[in-house]
Amino acid sequence: TSGKTGVEMEALTGASVAALTVYDMCKSANPDIGISGLHLLEKRGGKSDIHAD
């Protein structure tokens, strides 16, 4: 995306909510279920853009 800085936080929030929804639906079937590994793989744009030319 080429949107404003902060879009990555919106994406992480959306992914977190989706993971929590799946967790809530599955926790009764498997009490050992968990959420892990939720992290940002890449960020482009903004003041700290490491890919800027």
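The values are calculated or read from the model by the stated rules, or taken from the named source; none is laboratory data. Because the structure is predicted, anything quoted here is derived from the model rather than measured. Glycine gets a Cβ as well: all are built from the backbone with ideal geometry, and neighbour counts include every protein chain shown.
For residues in the range 1-50 being basic (Lys, Arg) and surrounded by 12 or more Cβ atoms within 10 Å (Cβ to Cβ), which is modelled with the lowest pLDDT?
Across the range 1-50, the extreme among qualifying residues is Arg44.
Provide a single number: the residues in the range 4-33 that are of a type in the set (A, V, I, L, M) and within 28 Å of Arg44 (Cα to Cα). Before you say what the answer is, go through the steps one by one.
The first filter runs over the range 4-33 and keeps only residues of a type in the set (A, V, I, L, M), leaving 7, 9, 11-12, 15, 17-20, 22, 25, 29, 33.
Going one step further and asking which of them are within 28 Å of Arg44 (Cα to Cα), we end up with 7, 9, 11-12, 15, 17-20.
Number of matching residues: 9.
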